[in-house]
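Engineer: The structure under discussion is supplied below as structure tokens; questions concerning it will follow.
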Amino acid sequence: MFIVSVCSLKGGVGKTSVTLGLASAALHQGVNALVIDLDPQGDSTLGLLGEPASTLDIAEVLSSPRTETIDRAIIPTPWSKDAASHLDIIPGTSRSAVMDSPALNQKDVGRLHQALDKRTHQYDLVIIDCPPSLNGLTQMALAASDRSLVVAEPGFFAVTAADRALKLAAEMHEEGIAPRLQPLGLVVNRYRPRSVEHQYRLAELRDLFGDSVLDPVIEERVGLQQAQGGAVPLHLYEGASGARLTEDFDALLRTVMDSRQNS
């Protein structure tokens, strides 16, 4: 089981869009995957289920990280109906916000790792959708992860936000809080290729972070929002931008899966 946290320092960068794009690609490529919605807003849950969950959620898993709790919290998504592989979710909830303290003790930081170690369900990939902050819930995710994937938009605050997110992962690894964690890289999302500002900011990110800026850059296309609004996998979206988006997320998922070789 390979665990990847999708994180960012600030909201509005499309972190959940990247999570759902990777989930759709996983289903398309026959990768058995689990999405964990750690964001109290629960957007990944809405995108995958089409409605808020009425079952056990991530808050209960973190409160009681036992086999029975995590196994009951894992539910299949409608996306995986009739698919060759399965895509499950542990739903998010606003109740998890009480655990998003900026200063958790080491025992609490390890709660998600502890719970995942006790699950009986088997997966090739676990994708954790983190809150748009570097507080307690994101730290729990990083402590449980093999890789961190930082999402940024090509804007004025992108450099500072990306740098802080990458540094937190490095610090947690060096301090032994996240012993398996390595940075996977930086995904630039919502890029508009005709925007001079976006061109400049993308070049700035590449100058500063080099190979950590991953290809492909995800362009801003209406199809991504329309697929999410319809709670359908991106790979089933039939709009004009669907083919390019699915190609990009398939490539991004291959980068994610190839990074397992360095684990």
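The values are calculated or read from the model by the stated rules, or taken from the named source; none is laboratory data. Since we're looking at a predicted model, the values are computed, not measured. Positions of Cβ are backbone-derived with ideal geometry, glycine not excepted, and every protein chain shown enters the neighbour counts. To get the accessible areas, we keep the full protein, side chains included, count just its heavy atoms, and leave off ligands, DNA and RNA. Shrake-Rupley method; radii C 1.70, N 1.55, O 1.52, S 1.80 Å.
Engineer: Here are some conditions: (1) on the phi < 0 side of the Ramachandran plot; (2) not in a helix (DSSP H, G or I). ALA231 meets all but one. Which one does it not meet?
Structural biologist: The number of the failed condition is (1).
Engineer: Still on this structure: Could you say which residue among LEU236, LEU214, LEU245 is surrounded by 13 or more Cβ atoms within 10 Å (Cβ to Cβ), in contact with a Gly (Cβ under 8 Å, 6 or more places away or on another chain), under 26 Å from SER80 (Cα atoms) and not aromatic (Phe, Trp, Tyr)?
Structural biologist: Going through LEU236, LEU214, LEU245 in turn, just one is surrounded by 13 or more Cβ atoms within 10 Å (Cβ to Cβ), in contact with a Gly (Cβ under 8 Å, 6 or more places away or on another chain), under 26 Å from SER80 (Cα atoms) and not aromatic (Phe, Trp, Tyr): LEU245.
Engineer: For the subset of region 122-137 comprising residues that are part of a loop (DSSP other than H, G, I, E, B) and among the hydrophobic types (A, V, I, L, M, F, W, C), which member is nearest to the chain's Cα centre (by Cα)?
Structural biologist: Among residues in region 122-137 that are part of a loop (DSSP other than H, G, I, E, B) and among the hydrophobic types (A, V, I, L, M, F, W, C), the one nearest to the chain's Cα centre (by Cα) is CYS130.
Engineer: Hey, any hits in region 193-211 for a residue that's more than 29 Å from GLN139 (Cα to Cα) and touching a strand residue (DSSP E or B) at 6+ places or on another chain (Cβ under 7 Å)?
Structural biologist: yes
Engineer: Can you confirm whether region 104-117 contains a residue that is among the acidic types (Asp, Glu) and either at positive phi or in contact (Cβ under 8 Å) with a residue 60 or more places away in the chain (or both)?
Structural biologist: Within region 104-117, none of the residues are among the acidic types (Asp, Glu) and either at positive phi or in contact (Cβ under 8 Å) with a residue 60 or more places away in the chain (or both).
Engineer: Right, next: Which number in (1) open to solvent by 50 Å² or more (accessible area, probe 1.4 Å); (2) closer than 22 Å to VAL18 by Cα; (3) hydroxyl-bearing (Ser, Thr, Tyr) marks the one condition that THR77 misses?
Structural biologist: (1)
Engineer: Can you tell me how many residues within region 150-188 are part of a helix (DSSP H, G or I) and surrounded by 16 or more Cβ atoms within 10 Å (Cβ to Cβ)?
Structural biologist: Number satisfying all stated conditions: 11.
Engineer: Quick check on ALA143: is it closer than 25 Å to GLN261 by Cα, part of a helix (DSSP H, G or I) and either of a type in the set (Asp, Glu) or open to solvent by less than 10 Å² (accessible area, probe 1.4 Å) (or both)?
Structural biologist: Yes, satisfied.
Engineer: Just checking, does region 221-244 include any residue being closer than 24 Å to LEU20 by Cα and among the acidic types (Asp, Glu)?
Structural biologist: yes
Engineer: What number goes with the only condition from (1) farther than 22 Å from ARG254 by Cα; (2) in contact (Cβ under 8 Å) with a residue 60 or more places away in the chain; (3) among the β-branched types (Val, Ile, Thr) that THR93 does not pass?
Structural biologist: The failed condition is (2).
Engineer: For THR246, work out the one condition from (1) more than 30 Å from GLY50 (Cβ to Cβ); (2) touching a residue at least 60 places away in the same chain (Cβ under 8 Å) it doesn't fulfil.
Structural biologist: Result: THR246 passes all but (1).
Conditions (1) open to solvent by less than 20 Å² (accessible area, probe 1.4 Å); (2) more than 29 Å from LEU214 (Cα to Cα); (3) outside any loop (DSSP other than H, G, I, E, B), marked per residue:
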| position | (1), (2), (3) |
| --- | --- |
| ALA97 | no, yes, yes |
| LEU116 | yes, no, yes |
| THR120 | no, yes, no |
| GLN139 | no, no, yes |
| SER148 | yes, no, yes |
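Engineer: Would you confirm whether any residue within region 189-204 is buried (at least 18 other Cβ atoms within 10 Å of the Cβ), touching a residue at least 60 places away in the same chain (Cβ under 8 Å) and not in a helix (DSSP H, G or I)?
Structural biologist: yes
Engineer: Right, here's the next one. Do any helices (runs of 4 or more DSSP H) lying entirely in region 1-90 carry at least 2 residues that are more than 22 Å from ASP117 (Cα to Cα), and which ones are they?
Structural biologist: 15-28, 43-49
Engineer: Residue by residue through region 26-63, note down the ones that are at pLDDT 95 or above, touching a Phe, Trp or Tyr at 6+ places or on another chain (Cβ under 7 Å) and open to solvent by less than 10 Å² (accessible area, probe 1.4 Å).
Structural biologist: ALA33, LEU34
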